[in-house]
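What follows is one structure encoded as structure tokens, with my remarks underneath.
The values are calculated or read from the model by the stated rules, or taken from the named source; none is laboratory data. The structure displayed is predicted, hence computed values, not measured ones. Cβ placement follows ideal geometry from the backbone for every residue including glycine, while neighbour counts extend to all protein chains displayed. Quick note on the areas: whole protein, heavy atoms, side chains included, nothing else; ligands and nucleic acids left out. Shrake-Rupley method; radii C 1.70, N 1.55, O 1.52, S 1.80 Å.
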Amino acid sequence: MSPPARPRVWAVVPAAGTGSRMGHATPKQYLELGGRPIVARAVQRVASDPRVHGVVVALREDDAHWSAARPRLHCALWTVVGGDTRQASVLAALDWLVGAGESHDWVAVHDAARPCLRPDDLRVLLDVALADAVGAVLAMPVRDTMKRADPEGRVAQTVSRDHLWHALTPQVFRLGQLRAALRSAEDAGRTVTDEAQAMEDAGLAARLVVGHADNLKITHPADMALGEQILAAQGADD
Ligand code: CTP
Ligand code: MG
């Protein structure tokens, strides 16, 4: 019997959202930042590491913008139809990937709305994840004082920020384990907000890798100006 193939690395980009908080007729991932669609930048950034073998982007069924936004990559790029939630969109891409990859392959899931990921952060993340038994997520330690509010919007409690992190993307896990974890959340009608939560529910603890705050998730209209500034400060020529 031949030995198992060396695990490959894939990227999955969920891009099937509507961007309701952005309040724009065009879904936010197709708005231009630094003269290029946000999703084109996010896909290019997550494919910037030469270890990434191919990218799967999940799109809305009625998507009318992708063909114009599609970036050129050094690796393969495919699309699938996403679902009604982020988790369903990621799962659709993973379901497609099982036909191309192996269960022990790694998958880096990265939001289409994060166009400013640093290639260096991706490199360090992959270094840590690929050496780990479970996988790893890019994250930032919380630095502000944290408050829990009461229903009237008054401070009910100060929450210690010790051991508290903001979870970012990419999040890197084994294809088979991540698919099984998301599938069981989906089948149980449980919504998880990121991959690490699905893995956590399956008893698998991800490593936290310190990223940078400029890996902004474009969410509200004011984030566009900030995103432009970040790209300029990064000297982005991509
Ligand atoms: N996403 C997806 N499929 C969905 C919902 C979200 O692929 N059914 C993707 C979005 O396109 C985005 C990422 O998941 O790249 C993170 O989601 P978010 O920032 O919440 O984007 P939206 O859901 O589009 O925005 P909003 O919540 O404001 O409607
Ligand atoms: Mg959303």
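Conditions (1) open to solvent by 10 Å² or more (accessible area, probe 1.4 Å); (2) in contact with a strand residue (DSSP E or B) (Cβ under 8 Å, 6 or more places away or on another chain); (3) under 18 Å from Leu91 (Cα atoms), marked per residue:
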{"site": "Ala15", "(1), (2), (3)": "no, yes, yes"}
{"site": "Arg21", "(1), (2), (3)": "yes, no, no"}
{"site": "Pro37", "(1), (2), (3)": "yes, no, no"}
{"site": "Glu61", "(1), (2), (3)": "yes, yes, yes"}
For this session: Scan region 5-46 for residues that are in contact (Cβ under 8 Å) with a residue 40 or more places away in the chain, touching a His at 6+ places or on another chain (Cβ under 7 Å) and within 21 Å of Leu77 (Cβ to Cβ) and jot them down.
Result: Pro7, Arg8, Val9, Trp10, Ala11, Val13, Leu31, Ala42, Val46
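Just wondering, is there one or more residues in region 141-152 that are in contact (Cβ under 8 Å) with a residue 24 or more places away in the chain and away from ligand 2 (no atom under 16 Å from the Cβ)?
Checked against the condition, which is being in contact (Cβ under 8 Å) with a residue 24 or more places away in the chain and away from ligand 2 (no atom under 16 Å from the Cβ), region 141-152 yields at least one hit.
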Problem set entry | Hey, Asp84 acidic (Asp, Glu), open to solvent by 60 Å² or more (accessible area, probe 1.4 Å) and within 16 Å of ligand 2 (Cβ to nearest atom) or not | yes
Seminar exercise, completed: When region 137-150 is checked residue by residue, the ones that are open to solvent by less than 60 Å² (accessible area, probe 1.4 Å) and part of a loop (DSSP other than H, G, I, E, B) are Val142, Asp150
Problem set entry | Complete set of residues in region 65-100 that are part of a loop (DSSP other than H, G, I, E, B) and closer than 13 Å to Ala16 by Cβ | His65, Gly82, Gly83, Asp84, Thr85
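Any chance you could count how many residues in region 1-57 are of a type in the set (D, E, K, R), within 16 Å of ligand 2 (Cβ to nearest atom) and closer than 21 Å to Ala108 by Cα? Show your work before the answer.
Step one: list which residues in region 1-57 are of a type in the set (D, E, K, R), which gives 6, 8, 21, 28, 32, 36, 41, 45, 49, 51.
Those still in the list that are within 16 Å of ligand 2 (Cβ to nearest atom) too: 21, 28.
Pick out the ones that are also closer than 21 Å to Ala108 by Cα and you get none.
Of the residues in region 1-57, 0 are of a type in the set (D, E, K, R), within 16 Å of ligand 2 (Cβ to nearest atom) and closer than 21 Å to Ala108 by Cα.
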Problem set entry | Residue, surrounded by the fewest Cβ atoms within 10 Å (Cβ to Cβ), within region 94-132, restricted to residues that are of a type in the set (Gly, Ala, Ser) and either free of Cβ contacts under 8 Å to residues at least 60 places away in the same chain or farther than 19 Å from Ala167 by Cβ (or both) | Gly99
Problem set entry | Pairs where the first residue, in region 198-226, is under 29 Å from Thr18 (Cβ atoms) and the second is open to solvent by 60 Å² or more (accessible area, probe 1.4 Å) and not aromatic (Phe, Trp, Tyr), C-beta under 6 Å, 6+ apart | His212/Arg118; Thr219/Arg21; His220/Arg21
Exercise. Checking Gly23 against (1) closer than 28 Å to Gly176 by Cβ; (2) small (Gly, Ala, Ser); (3) within 12 Å of ligand 1 (Cβ to nearest atom), which single condition isn't satisfied?
Worked result: (1)
Seminar exercise, completed: Counting only residues in region 39-59 that are open to solvent by less than 20 Å² (accessible area, probe 1.4 Å) and small (Gly, Ala, Ser), the one farthest from Leu226 (Cα to Cα) is identified as Gly54
